[in-house]
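These notes are about the structure you will find just below.
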Amino acid sequence: MAEFEPVLLRRILKKASPALDAYRSDGGYRALQKAVAEMTPEQVVEVVKASGLRGRGGAGFPTGLKWTFLPKGHPGPIYMCINADESEPCTFNNRILMEEDPHQVLEGIILSSYAVKATVAYLYIRYEYGPATRAMQKAIDEAYNAGLLGQNILGKPGFNLDVFIHRGAGAYICGEETGLIESLEGKRAWPRIKPPFPAVEGAFRKPTIVNNIETVACVTHIVDRGAEWFKSIGVPADPKNPRDPGSYGPKLYCISGHVNKPGVVELPLGVTVRELIDKHGGGVWKGRSVKAVIPGGLSMGFMTAEELDTPLDFAGPGRVGCLGLGTAAVTVIDDQTSMVDVLYNVCRFFEHESCGQCTPCREGTGWMLKIVARIRRGLGRREDLDILEEVGDRIGIMPGTTICGLADGAGWPVKTAIRKFRAEFESYIRSGAKAVPLPLAAVGH
Amino acid sequence: MATVYVNDKPVEIGEARLNAIEAAQRAGVFIPHYCWHPALTVVASCRMCLVEVGELKDDGTVQMQPKVVPGCQTPVKHNMVIVTGEYGQHQPNEPIPTPLNYPANYGTPGQRAKKAQADTLEGLLLNHPLDCPVCDKAGECKLQDFSYQYGRSTSRMIDEKNTPPNKPYISSKITLFTDRCIMCTRCVRFTREYSGQGELTVLQRGEHAEIDIFPGEPLENKLSLNVVDLCPVGALGSKDFLYKQRVWYLKSTDSVCPDCSTGCSIHLDTNKDIVYRLRPRENPRAQGWFMCDEGRLGYRYLNSKERLMRPLAGPRGQLGPKTWREIIPALRRDLADRAGRSPDQVVAILSPWLTCEEAFLLARYIKGLAPTATLALGPVPIRGEDDTYPKDRRGRPMQPVRFTIRAEKCPNRRGVEEVLRHFQGEVIPFDRVRDRFTAGQVNVAWVTIGASPDRTGWDEESARAVAQAGLLIVQDLFAGVLTQAAQYVLPSCGFSEKEGTFVNHAGLAQGIRRATNPPQEARAEGQVYLDLMGVTGLFQAASVRRELAATIPFFAPLAAGMDPLGIRLGQVPEPVA
Amino acid sequence: MTPFHFWTTAITIAVVLFVVLHVVAYMILVERKVSAWMQDRLGPNRVGPWGLLQPIVDGAKMFLKEDIIPSHVDKVFYILAPGVAAFTALVALAVVPFGPTDPSQPERYQFVIAPNIDIGILWTFSTGSMAVYGVILGGWSSNNKYSLLGSLRSSAQVISYEIPLGLSVLGVILYAGSLNLERIIDWQVQHGWNALYHPLAFLMFVTAAFAECNRLPFDLPECEQELVGGYHTEYSSIKFGLFFLGEYTHMITTSLLFAVLFCGGWHLPFGLTDGNEWYHTALKLVSILGKTAFFLFFYVWVRWTLPRFRFDQLMGIAWKLLIPLATVNLVVVMVLREYEAPLWALTAASVALFVGATAFAARQTTPPVIRRTGNIHGLPTRV
Amino acid sequence: MPIAEKDVKWVEPPKLGLFDYLYVPAVVTGLMTTARHMFQKPVTQQYPEQEPDLPPNYRGVHRLNRDEQGRVKCVACYMCATACPAHCIDIVAAPSPWPDREKYPETFVIDELRCIYCGMCEEACPVDAIELTSLYDLTGLSREEMIFDKEKLLSVYDQTKNSPKDPVRTSAGRLSVASEPPRETPKAS
């Protein structure tokens, strides 16, 4: 495979200026001009649909398809929500995009809004992203001044768009699309029951499209370079599996954990975990070896060292028992780390972030934390592992017991950890070892 | 016509827009639920009503969805198949329906739903304290019931439970046992959607989520106590009822709240002749699901030790206790004597707190004594204006109105008026006869009050005017200006102690039933009238109601008996000329 | 005819009455004590040493308790009944010797109130059966159905058992040739105790006497479980005490009769009582009183040994067993007497008759076999 | 449960011989038995002088247990009053003055005359607050005296708590067993 030329990080790697002028001189807003001048919104949707772009936020839903769910000929306002509430642990690709190349993102937002005929776009940025917010705000201001936002954009009559930044108050659940919408409306971020889906009834009870930052950034390049170019990158659909739409396009991989060189790299979809660690992450630190890998954010579960050759596309992690690609944030855990401690941290995160709406998730995450904390204190029992596995299995939208997917994300790391590292847990329980208290070991609060 | 299959049993739902819980209910299958309430929005968060759904295809096969879905959030449509955790259980007398053609890989129908429900209950009980012995809800607690029916017998959790502190400050009328809360958020939704002011909210996240108020803004609206009924567990407790009785001692009687002319259907919970609490009874024809706090807490006078307990008689100011056996003939003699001498000067004042039957009997008795006697409607207590809900944050009423507390604070003005209209062609309000009292033109006055002491409608001036009547007979619950001036004081019964019919503001006739025995010698008004007429036997509301229906056309729909939800009475007939 | 000495008689009556009343009082104590011992208990032990003063306080209590006359009773007979019961029982004692008597020496002191009465037995029987009069009066006048039922049972029982009682004693009279109790003792002194020659008659006499006294196992008139106490349910205080007195006097009388009629009266074997010295007289007195005491004890003893009969069983024993047997026994005795058979033949005939009658009865009675034809309460049918 | 054929034991009346039919020997045997008992040692206990020997499960006067802080342990749940077949328990509940409990009995009255000492209250109690002691000599001169109020029932506890016959059957102060997790130690298998 030929050396891949970065697309999304193209300007960032060159350390180009985030200003509008610099972006324009690098060919920015060319796609927007092209679309506004030559294409109808429907054609943009068709192009995106043809490109096979799948949402980069975690679930991997085909973006073009999502856009077609909007009610046809809807009179009222249609809203565009851009999900920049990047709260999956170990994930930071959106931050890079917003901080370093805000106009690339903004162009994607304007293009997407054009495609879905949205007149208002909300950019929901998590509160912790101060520099990103400022960078985006600056870009938006520049765009308004340049006539790229506001009324009759680029002289096209009726193409109006206002972009507002909404800073979230900080909750993992705000990254869930209906939770985000609720939060945007000023309510408690409790995910809504579906149906109705946001595309039918979303923010302020109007049709709403929720897209990830990286997704809309991809849209810019798809419109610019065409669907065929996009399809040439990545892994084609598995012909044996009619339900696999394929994994196309470049992807920003976040590498973190026990590696020598953590960071974001842009690679075509389908790169293996081993390649990411060894080639792009500089190998495991301190000369140690890999014990486990989280392939795409905490909620995707764990991979063992034997599964490192799994390709990271939308279908790959699922084949080894993980939930999916997620945000493609690879976290490496070295062989000196106790899985009990890792799981304890995982459980603490999800116990803290469960919104508390659905009983199975609210009580399940709390129970799992209590059990893991007890195991860590050396008071575990063998049957606790069975309970953990069972609880991990029974919560989430997959068995149908919760409204949103947070519970799946909470259950997956627990059950993959127990299934794949059961021997370690059992020997820990047998030894009756007492864990070294972590600084924040406020067990069960 | 749409057909839904619940546990193989076909149910015709017609054009109704139902969810799976309601559709199953029509099939006689109960789907347990906590967060869902017909009056509130659906949140589908308790995850107790999980069912398996599918679709019956035209070729007779069934396609089932792979996951369980919450029944409250699943609207049913034609050919929908619903399988609940109770699949395979049938009523003893019911024919067993033919099983549908489930797919081969589906497994045992109902197993997944059953397990999901058991898992949910296990989750709910993880942090729920096992303090049923001290919990007032024990005995009518949905968590108890469902755990017994659908849950496991033991807990697998050995870790410490979360014990958030109690919050007695959330309202002057309500206390919150935070640790018992199962986060169904019914109370929160009620305050937001029904009463409107949204005093309650959820704090914290995950398993530490708690119900609370906003600082310094307690839950004090006039519908607040409904959250206690809504709470499926013992988290929200009425301070009025707290620790008074265990619910299994209580005897529940269907009745009607008399405190305003809305006429909310209620359950009257009593034990050993003491009324302990009033609960709203679901009645779409009357008020819906709820009732106001004023009515709910307005029962206390019934248990009062200050009530009139025995009949009194004697010259003015020298009343002495008498037995009914003595007083009835004396009264009859006195009345016949005076009414015979001056039949025009007989006035009976019928309280709007009388039941229709009592008003009918009294009117007939007085008219029988003196056909030219005047029958007047007693003072009607009106306080302020109709109070509608929901209200917004600032307390302003909002549309659409979902609940109204009426300004007219009596239960049966409408019914008494119809009786009066029948007997003398028009309704003479009290104000029109007051002058006759002050002018000394009344020889005999029969005054009925029988109202809650804070809503009799009588002011002191009117009472003093009426006190000038030559012979004053007063039927009331409590002593007052009128009873002091009377020659005959007949202790009457509160609404929990008698039976009869109330007609609310909209013409809905509802039956009240006897739940407690009157204190000591107090005797229901209807019984006194029968005794005076010389009719032997006990007062039976049903038979008087039949007579009433046969005599007065307005009440004709009552001839067939009383419906538990009440009977809407027709148009008001033209006054007889 | 024995000369009548007023003072002697009066003093004797006084002494006898005094003794009998005290014996009755202490008999109650003895009964309670013996009952207790037989049931592994202690018995009364609170009043005086070993409870010896118990009868005195009991008596005092009887007198001092409130005397209730229920409003619904027939007052005259109600008050009369206990008096009649006690009186008839005491009158029977008049002819019963309680010490050495010798009809051949009428000038000597005779230990009997009315010595030399030729109709002695007849007197005791007739006065004794008068006791039922008191019972009936008490039960009837109480105006209480349980009392009445108790008294009716009692009368039926007493009347039934009069017959075997009389029949069984006829043989003895035949041999003694007199109804005079002293002469019957005299006959036994010369020939040996009647119990040896008339064992069957003795057995029947004892059985019938138990029934006559309303003692267990024949105490049906007052059986507590069925009749709340029988004919004296409504009685209290001293009236109740008089019924008690009558009953216990009856026991004393019958015990004396056992001794006199069948156990040789004051006679002791081996010539112990052959003589007229003062110590002989004393020994004779001790002998007859000792025998009486034994039979009194026997009453208590039987009470705790045999369970009560059913009423139909009670009547069955009298009419189906005792009366025929006594009749046959009398015939046999008459035949043997007529042919002047030796006395041992009487014993042999008596035993043979008993065994023969038993064998006859055993053959007549097929043992009950449980047969169930219907399916009762789901129990399996026995095929 | 229906009675099965195998559960029924058929007893034939014994066959009587001539000797048995005589009855007299049987009566004599009976008399001997009775006579023998006359000489056996009495089993009577001389009560006021001699304390009776009570079985360990004897059910006497009730007591209300105290927790380790000396407060009444009862939480006024009415379980005893509900279970009581004689309706002799009368409780008036009130919010407790102590922070660690929600409810306590303002008054707690047992009519000892009405009580049938069945022990159901003790069984029903979820917090082991009511127990039946071995006190048997319960007397009084009036009915009022036999109606025990809370103070009196607590004083019965004070009186009996140190008696070896009436151990406090659960550790004081703790709530019910039901609210405690099963006692398990981590298995070192």
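If you place +1 on the Cβ of every Lys and Arg, -1 on the Cβ of every Asp and Glu, and leave all else neutral, what size is the dipole of the stretch D:62-169 about its Cα centre, to the nearest 20 Debye? Please list the in-between numbers first.
Numbers: 13 positive and 19 negative charges, 25 e Å.
Charge dipole of the stretch D:62-169: 120 debye, to the nearest 20.
For B:THR388, nonlocal amide neighbours, meaning residues 5 or more places apart or on other chains whose placed amide H falls under 5 Å from its own, are B:ILE405.
As a length-normalised measure over Cα pairs under 8 Å and 6 or more apart, the relative contact order of chain C settles at 20 percent.
Give the Kirkwood hydrodynamic radius (Å, one decimal) of the stretch B:422-577, defined as one over the mean of 1/r across all pairs of different Cα atoms. Intermediate results must be reported in sequence, preceding the final value.
On the way: mean 1/r = 0.0572 Å⁻¹.
That comes to 17.5 Å for the stretch B:422-577.
Ranked by how many other Cβ atoms sit within 10 Å of their own Cβ, fewest first, the residues C:PHE270, D:PHE148 fall in the order C:PHE270, D:PHE148. Rounded to the nearest 20 debye, the dipole size of the stretch B:116-236 about its Cα centre is 180 debye, using +1 on the Cβ of Lys and Arg and -1 on the Cβ of Asp and Glu. Less than 5 angstrom separates the built amide H of B:GLY196 from those of B:LYS391, all sequence-distant by 5 or more or on a different chain. When you count the other C-beta atoms within 10 angstrom of each residue and take the mean per peptide, A:354-361, B:305-312 line up highest first as A:354-361, B:305-312.
Can you list the trypsin sites (Lys or Arg not before Pro) in the stretch B:326-420 that are in a DSSP coil and have 11 or fewer other beta carbons within 10 angstrom? It would help to have the intermediate numbers written out before the result.
Details: sites: B:ARG332, B:ARG333, B:ARG338, B:ARG341, B:ARG364, B:LYS367, B:ARG383, B:LYS391, B:ARG393, B:ARG394, B:ARG402, B:ARG406, B:LYS409, B:ARG413, B:ARG414; in loops: B:ARG383, B:ARG393, B:ARG394, B:ARG402, B:ARG406, B:LYS409.
Loop-located and lightly packed - B:ARG393, B:ARG394.
Full extension of the chain segment joining C:ASP74 with C:VAL286 gains 71.8 nm, where the gain is 0.36 nm per residue of separation less the Cα-Cα distance. Is the shape of the stretch A:121-203 best called rounded, prolate or oblate, per the rule: a/c under 1.5 gives rounded, else a/b larger than b/c gives prolate, else oblate, with a ≥ b ≥ c the square roots of the Cα gyration tensor eigenvalues? It comes out oblate by the Cα gyration axes. With a simple spin-label model that places each label point 7 Å from the Cα along the Cα-to-Cβ direction, the separation between A:LYS138 and C:THR347 comes to 14.6 nm. The HN-Hα couplings worked out from phi for the stretch A:368-377 by the Karplus form 6.51 cos²θ - 1.76 cosθ + 1.60 (θ = phi - 60°) are 4, 5, 4, 5, 5, 5, 5, 4, 5, 6 Hz, whole numbers, x standing for Gly and Pro. Whole-Hz Karplus values for the stretch B:323-332 come out as 8, 4, 4, 7, 6, 5, x, 4, 5, 4 Hz, taken residue by residue from phi with 6.51 cos²θ - 1.76 cosθ + 1.60 and θ = phi - 60°; glycine and proline positions read x.
Averaging Cα coordinates gives a centre for the stretch C:106-183 and one for the stretch B:302-375; these two points are 79 Å apart. Applying a DSSP loop filter and a limit of 13 other Cβ atoms within 10 Å to the chymotrypsin sites (Phe, Trp or Tyr not before Pro) in the stretch C:3-95 leaves C:PHE4.
Between the alpha-carbon centres of the stretch C:239-303 and the stretch B:18-75 there is a gap of 98 Å. When B:THR84, B:THR61, B:THR355, C:THR233 are arranged by Cβ crowding within 10 Å, least crowded first, meaning fewest neighbours, the order is B:THR61, C:THR233, B:THR84, B:THR355.
Positive end of the dipole of the protein assembly as shown (Cβ unit charges, origin at the Cα centre): among B:CYS292, D:TYR136, D:TYR78, the Cα lying farthest that way belongs to B:CYS292.
Exposed loop sites here are trypsin sites (Lys or Arg not before Pro) in DSSP loop states with at most 16 other C-beta atoms within 10 Å. What is the longest stretch of chain C lacking them?
Numbers: sites that count: C:ARG41, C:ARG46, C:LYS65, C:ARG108, C:ARG308, C:ARG310, C:ARG371, C:ARG372, C:ARG382.
The reported range is C:109-307.
The dipole here belongs to the protein assembly as shown: it is taken about the Cα centre, uses +1 on the Cβ of Lys and Arg and -1 on the Cβ of Asp and Glu, and is about 1500 debye.
Between the alpha-carbon centres of the stretch B:136-150 and the stretch C:314-367 there is a gap of 81 Å. Under a Gaussian network description of chain A, with springs only between Cα atoms under 10 Å, the residue in A:LEU343, A:LEU379, A:LEU308 that fluctuates furthest is A:LEU379. When all alpha carbon pairs of the stretch B:49-148 are counted in 10 Å bins from zero, the resulting P(r) reads 13, 36, 29, 15, 6, 0 %. For chain A, the percent of C-alpha pairs falling in each 20 Å distance bin, counted from 0 to the bin holding the largest distance, reads 26, 56, 17, 1. Compute the Rg/Rh shape ratio of the stretch C:65-339: radius of gyration over Kirkwood radius, all on alpha-carbon atoms. When Rh is taken as the Kirkwood radius, the ratio is 1.00.
Using a cutoff of 8 angstrom between alpha carbon atoms and counting only pairs six or more residues apart, the relative contact order for the stretch C:124-266 works out to 32 percent. Using the Cβ-Cβ distance between B:THR154 and D:THR107 with R0 = 45 Å, the FRET efficiency computed as 1/(1 + (r/R0)^6) comes to roughly 0.80.
For the peptide A:364-370, the mean number of other protein chain Cβ atoms found within 10 angstrom of a residue's Cβ is 5. Taking the helices alone, chain B has a mean residue ellipticity at 222 nm of -6500 deg cm²/dmol, built from -39,500 (n - 2.57) per DSSP H run of at least 4 residues and averaged over all its residues. Shielding of peptide C:302-308 by partners, expressed as the average count of other chain Cβ atoms within 10 Å per residue Cβ, is 4.
How many nm is it between the label spots at B:GLN540 and B:MET309, if each spot is 7 Å from the Cα in line with the beta carbon? Result for the modelled spin labels: 3.3 nm. Within the listed set A:ASP238, A:ASP162, A:ASP141, the residue fluctuating most in the Gaussian network model of chain A (springs between alpha-carbon atoms under 10 angstrom) is A:ASP238. Less than 5 angstrom separates the built amide H of B:LEU508 from those of B:LEU569, all sequence-distant by 5 or more or on a different chain.
Mean Kyte-Doolittle hydropathy of 0.0 or higher plus an axial Cα length of 27 Å or more: which whole DSSP H helices in chain C meet both?
On the way: long enough: C:6-38 (45 Å, 1.64); C:120-141 (32 Å, 1.03); C:145-176 (46 Å, 0.92); C:237-257 (30 Å, 0.86); C:278-303 (38 Å, 0.95); C:343-364 (32 Å, 1.29).
TM-like helix candidates: C:6-38, C:120-141, C:145-176, C:237-257, C:278-303, C:343-364.
An ellipsoid equivalent to the protein assembly as shown, defined through the eigenvalues of its Cα gyration tensor, has semi-axes of 99, 51, 29 Å when rounded to whole angstrom and sorted largest first.
Using the Kirkwood radius over Cα pairs, work out the Stokes-Einstein diffusion coefficient for the stretch B:129-264 at 10 °C and 1.306 mPa s, in µm²/s as a whole number. Using the Kirkwood radius from Cα pairs, D works out to 97 µm²/s.
Binning the C-alpha pair distances of the stretch D:62-169 at 5 Å intervals from 0 yields a P(r) profile of 2, 13, 24, 26, 21, 10, 3, 1, 0 %, listed from the shortest bin outward. Could you name the lysines whose alpha carbon sits less than 16 Å from that of C:LYS65, not counting residues in the same chain fewer than 8 places away? Answer for C:LYS65, where 16 Å is the Cα cut-off: C:LYS239, listed by chain and number.
Since every read-out is calculated from the coordinates, none of them should be taken as a lab result. Since the structure is predicted, the reported quantities are computational estimates derived from the model, not experimental observations. Don't worry about glycine lacking a Cβ; one is built from the backbone with ideal geometry, like all the others, and counts go over all protein chains shown.
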